[in-house]
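Peer 1: Below: one structure in structure tokens.
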Amino acid sequence: MTTTQDAAPDSSGKIERSVPKPVFTDAEAGAREFPDSNSRRYNYYTPQKRKQTHYEDVTVDVQPDPRHYLTQGWLYGFSDGRGGYPLDWTVLKAWGSDKPSPQRGPGTGGLVVKDWPATGWHEFRDPNEEWELTLYRYNSNVVRQVTQNVEAAKASKAFEQWNTNWVRFVEQHVGAWMHVDHGLGLYLYANANRRAPTNMHNNAISVNSMHRIRAAQDLALYNLTLSEEIEDFDGSAHLETWNNDPAWQGVRDVAEQLTAIDDWCEAIFAANVVFEPLVGELFRSQLVQQAAPRNGDFVTPTVVGAAEYDFAERDLRYTTAMFELLTNDKEFADHNKSILQDWASKWTALSLSAARTLQPLWSQPDAKPPRFEDGLDRVKSRFGGILGTLSLEEPKELGL
């Protein structure tokens with residue numbers, strides 16, 4: 001048993017309790033001072049430009065990786081014994097990929113590894129500098145703008161200007177595209193985000209996923225609004241169209257094949273470099289946005305145009321930067337270009353077949369958009385330019 005002696009009162013009459021006093025030994029965390037102890041920036045990575053950015057501070061190497069810095073090994077693993085983010089989740093390689101991962105075990109926590117393997121993957125920086133704050137800020141602005149446009153249209157009775165054929169076109173075909181956005185956003189991009197090897201890739205791809213899911217939500221909410229504002233508007237017609245309309249079965253088949261891709265790099269390449277320019281932009285820019293104003297509809301282009309901007313000005317930008325690094329890799333450029341060329345051939349053939357299956361849609365509105373073949377030529381030209389940026393050749397399938 002321990003006893004506590006009575007403490008003497010202080011000058012105010014209060015009794016001060018006798019407790020151990022803290023003694024600092026300079027061994028506690030943060031006690032040691034370094035030349036940059038007062039710096040408000042990190043220095044464990046090399047910034048892409050002269051000064052590091054806020055994006056880099058909150059993104060670069062936030063995901064610990066024993067191939068780079070984490071000397072004690074992965075903190076978690078799978079049932080087969082592999083841990084973290086295996087590099088064989090894609091057949092593409094980056095500088096250092098063939099070097100063996102550091103061997104870890106009891107007593108190796110402080111082991112210093114020279115020439116970290118797979119350093120090339122860590123060179124990627126998203127030119128959009130996307131992270132949590134930018135995602136919420138951007139998506140909230142898009143939703144606010146789309147909502148304001150729709151509300152203004154409701155107030156001005158703009159939907160009454162639509163002709164009957166265009167009402168049927170929107171309920172069936174514009175509504176059907178939400179299935180593409182939802183399927184790819186949830187099952188392709190979200191899956192690829194988990195399998196990509198660095199936090200820089202994870203951030204960019206997850207934002208891409210959110211763009212697609214938000215675009216699907218925009219179309220779903222728009223569909224509900226039209227069901228309330230337009231008499232006899234069938235808000236469920238898109239389901240029958242997506243499931244059974246022959247014009248959509250090519251797109252549906254390719255979209256489902258895209259979600260089944262196991263290699264995360266192939267998934268992003270096939271979706272963003274091939275499918276989106278040849279099918280997505282063809283439908284959004286060369287059909288809907290061209291035909292809508294001619295049929296008295298100035299609202300649908302603002303909804304569809306938000307998704308088009310997501311891809312054309314943001315998602316394609318990070319995709320190009322990501323694959324440019326791989327096609328110019330100091331060690332595996334030829335290996336990567338050979339594989340990407342094969343992927344381009346495979347998915348170009350499938351995407352063009354799906355695009356041509358959509359051709360009957362061009363004849364359905366009363367006021368016709370520009371010819372299908374003219375629109376297809378435009379997206380083919382854009383697709384060729386994207387491949388050129390990546391130092392890839394146009395596949396022979398593009399001329400079919």
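The values are calculated or read from the model by the stated rules, or taken from the named source; none is laboratory data. No experiment lies behind these values; they were computed from the predicted model shown. Quick reminder, even Gly has a Cβ in these numbers, built from the backbone with ideal geometry, and neighbours come from all protein chains shown. When the accessible area is computed, the model is the full protein with side chains, heavy atoms only, and any ligands, DNA or RNA have been set aside. Shrake-Rupley method; radii C 1.70, N 1.55, O 1.52, S 1.80 Å.
Peer 1: For a quick check, take a GNM of the chain with Cα springs below 10 Å and name the residue from Gly183, Gly77, Gly305 with the largest mean-square fluctuation.
Peer 2: The residue that fluctuates most here is Gly77.
Peer 1: Amide H to amide H under 5 Å from Gly83: which residues, 5+ apart in sequence or cross-chain, H placed 1.01 Å off N in plane?
Peer 2: Close amide H contacts, sequence-distant or interchain: Phe78.
Peer 1: Give me the net charge of Val274's neighbourhood, meaning all other residues with Cβ under 11 Å from the Cβ of Val274; Lys, Arg count +1, Asp, Glu -1.
Peer 2: -2
Peer 1: Please report how many Lys pairs in the stretch 231-381 have alpha carbons closer than 27 angstrom, counting only residues at least 8 apart along the chain or sitting on separate chains. Let's see the in-between values first.
Peer 2: Details: Lys330/Lys346; Lys337/Lys346; Lys337/Lys380; Lys346/Lys380; Lys368/Lys380.
Within the stretch 231-381, the lysine pair count is 5.
Peer 1: Let me ask something additional. Plugging the Kirkwood radius over Cα pairs into Stokes-Einstein for the stretch 52-94, at a temperature of 20 °C and a viscosity of 1.002 mPa s, what D comes out in µm²/s?
Peer 2: The estimated diffusion coefficient comes to 175 µm²/s.
Peer 1: Go through the stretch 165-266 and name the GluC sites (Glu not before Pro) that are in a DSSP coil and have 14 or fewer other Cβ atoms within 10 Å of their Cβ.
Peer 2: Details: sites: Glu171, Glu228, Glu229, Glu231, Glu240, Glu256, Glu266; in loops: Glu231.
Qualifying residues, ordered by number: Glu231.
Peer 1: Specify which residue in the list Tyr189, Thr164, Leu219 is farthest towards the positive end of the charge dipole of the stretch 93-239, using unit charges on the beta carbon of Lys, Arg (+1) and Asp, Glu (-1), about the Cα centre.
Peer 2: Projecting each Cα onto the dipole axis, the largest value belongs to Tyr189.
Peer 1: Still on this structure, I have one more. By how many degrees, between 0 and 90 and to the nearest 10, does the Cα long axis of helix 372-389 differ from the longest principal axis of the chain?
Peer 2: The two axes meet at around 30 degrees.
Peer 1: Let me ask another. For the chain, what relative contact order do you get, as a whole percent, if you take Cα pairs closer than 8 Å and at least 6 residues apart?
Peer 2: It rounds to 18 percent for the chain.
Peer 1: While we're looking at this one, here's another question. At 1.4 Å probe size, what's the solvent-accessible area of Trp74? Round to the nearest 10 Å².
Peer 2: 60
Peer 1: Name the shape class, rounded, prolate or oblate, that the alpha-carbon gyration tensor gives for the stretch 209-259, where a ≥ b ≥ c are the square roots of its eigenvalues, rounded holds for a/c under 1.5, and otherwise prolate holds if a/b is larger than b/c and oblate otherwise.
Peer 2: Taking the square roots of the gyration eigenvalues as a ≥ b ≥ c, the stretch 209-259 is oblate.
Peer 1: Also, I was wondering about something else. Expressed in whole Å with the largest first, what are the equivalent ellipsoid semi-axes of the stretch 265-400 derived from the C-alpha gyration tensor as the square root of 5 times each eigenvalue?
Peer 2: In descending order the semi-axes read 30, 16, 10 Å.
Peer 1: Return one number: the angle in degrees, 0 to 90 and rounded to the nearest 10, between the long axis of the Cα atoms of helix 132-155 and the longest principal axis of the Cα atoms of the chain.
Peer 2: 30
Peer 1: Counting pairs of alpha carbon atoms under 8 Å apart in space and at least six apart in sequence, what relative contact order in percent does the stretch 185-326 give?
Peer 2: Computed over the stretch 185-326, the figure is 26 percent.
Peer 1: Might you tell me the accessible area per residue for the chain, computed with a 1.4 Å probe and given in Å²? Can you show the working numbers first?
Peer 2: Working: 20490 Å² over 400 residues.
Result: 51 Å² per residue.
Peer 1: Something else: Of Lys14, Lys51, Lys380, which is the most mobile in a GNM of the chain whose springs link Cα atoms less than 10 angstrom apart?
Peer 2: Lys14
Peer 1: Using the Cα atoms of the stretch 146-255, I'd like the radius of gyration and the largest Cα-Cα distance, Dmax, both in angstrom.
Peer 2: When restricted to Cα atoms, the stretch 146-255 yields Rg and Dmax of 16.5, 51 Å.
Peer 1: Pull out a ≥ b ≥ c, the square roots of the eigenvalues of the alpha-carbon gyration tensor of the stretch 222-309, then state rounded if a/c is under 1.5, prolate if not and a/b is larger than b/c, and oblate in the remaining case.
Peer 2: Prolate is the answer for the stretch 222-309, as a/c is 1.5 or above and a/b outweighs b/c.
Peer 1: Apply the Kirkwood formula to the stretch 265-336: the hydrodynamic radius equals the inverse of the mean of 1/r over all pairs of different alpha-carbon atoms; give it in Å with one decimal.
Peer 2: Roughly 13.7 Å, rounded to one decimal.
Peer 1: In the chain, with Lys and Arg counted as +1 and Asp and Glu as -1 at Cβ, which of these residues, Thr198, Val19, Pro86, has the Cα nearest the positive end of the dipole, that is, farthest along it?
Peer 2: The listed residue farthest towards the positive side: Val19.
Peer 1: Report the dimensions of the chain along its three principal axes from the alpha-carbon atoms, largest first, rounded to Å.
Peer 2: Over the chain, Cα extents along the principal axes are 96, 63, 43 Å.
Peer 1: Quick one: pull the percent of accessible area on the chain belonging to carbon and sulfur, 1.4 Å probe, ligands and nucleic acids left out. Don't jump to the answer; show the numbers that get you there.
Peer 2: Details: 10320 of 20490 Å².
Carbon with sulfur: 50 percent of the solvent-accessible area.
Peer 1: Add +1 for every Lys or Arg and -1 for every Asp or Glu among the other residues with Cβ under 12 Å from the Cβ of Asp262, and state the total.
Peer 2: Local net charge: -2.
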